[in-house]
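Derivation of every value follows stated rules applied to the coordinates shown; laboratory data play no part. These figures come from a predicted structure and were not determined experimentally. Backbone-built Cβ (ideal geometry, glycine too); neighbour counts: all protein chains shown.
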Amino acid sequence: MSKEEAARINGRIDEEIKKDSARQKDARRREIKVMLLGQAESGKSTLQKQFQLFYASKTLDAERRSWIPVVYYNIIKALRLIFAELDYEMTTHSMAGPMESHEVREELNSLRVRLLPLLALENTLASELSGGVSLAGGRTGAYVRLGWQNILSSTLSIPSDTRRPELENRARETTLLVARTLALAVDDIDALWLHEAIQFYIKQRKIRLEDSSSYFLRHIQRIAEPEYIPSNDDILNVRLQTLGVMEHTFPITITGKTYDWKLYDVGGAIDILRSKLDAGIKVRKYITSFGERANNFETVSDYFRSHFIQAHRRKGFPNRPLYVHFTAMLDTSAMQSIISNVAEGIMRKHIAEAGLA
């Protein structure tokens, strides 16, 4: 090989290296990382789902089936909590109201017996959702890791007319079993949820349920249908514990350019401040500095806003602007407006730092 030819080849290699370096640099410029922080049950995963719904709804469609067993798990958990609360109240307090009636107690006991086959599936379903992983410290429940949607979507999308025994797996079998059991129990669940005693004790806060539990029990007839597919509202209302760091990638096009957004949900949802205040919870009981201020939403929200702004100023972060938003994680319209504003602010900062302005 002549020196001229070797120089030509070397030049082409250098040129390809430069092009590859430029492509990597451009890819880094178009990559935006957002970390979601907050304690357990603060709504991080719900915010991620709102973001996904707003910017990448097709990815939500692709994993929609994977949420079926999660919805079932939320329903079974809600039923167990109802009966557990009833048992606690009856053993530690003399329940007044409807439970004074022997007839009412018999009705509720009869419903419990008929719902036992469904309740008995809670641990099995939780184990399948958790991939058989058990947690230290004796913690129970369903805990999922990165990629769980893809695993469940693949096991739940096998057409029934092409199924063969070797393709059956425990996750699919468990979900089908729960679906059949739920279909048989749907009228009993409806009767329990609408029972005057249950509604009375919920209003009296003798039975304490998450808003998501009430949501699913109100929609039990639809969810128990044979061809049930979770709606957007169903997915936003589910409660599921996450383990580790969950990474969610969304290609987002803004001003004609596509950026690769990566959301990191650091696993430990719903708007509960107003409902807790309406129920008579006193802020000063938990935050002594709140003092004797009025215990209403407007006053409390102003207090929290001022507190975070003052903390931000004390820490001295002049180059890190703080934006305070009060919203409900399940309010899609409000959340999309906030997400859009936050995304615009992040994009402006990212473009300036990347030298693209």
Between residue 58 and residue 233, what is the label-point separation in nm under the 7 Å Cα-to-beta-carbon projection? 2.7 nm
Taking the alpha-carbon distance from residue 33 and a cut-off under 12 Å, which aspartates and glutamates remain once sequence neighbours fewer than 8 residues away in the same chain are dropped? 247, 260, 265
Estimate the FRET efficiency between residue 305 and residue 278 by the formula 1/(1 + (r/R0)^6), using the beta-carbon distance for r and 25 Å for R0, to the nearest 0.05. 0.80
I want the local charge near residue 79. Using Cβ-Cβ distances under 10 Å, sum +1 for each Lys or Arg and -1 for each Asp or Glu among the other residues. +1
Pairs 44/282; 276/315; 19/257; 77/206: which are spaced more than 27 Å apart, C-alpha to C-alpha? 276/315
Note, residue 64: beta-carbon cut-off 13 Å, +1 each Lys/Arg, -1 each Asp/Glu, net -2
Residue 20-residue 183 pseudo-label distance in nm [points 7 Å out on the Cα-to-Cβ vector]: 5.6 nm
Contour excess over end-to-end distance, with Cα ends at residue 176 and residue 208 and 0.36 nm allotted per residue: 8.6 nm
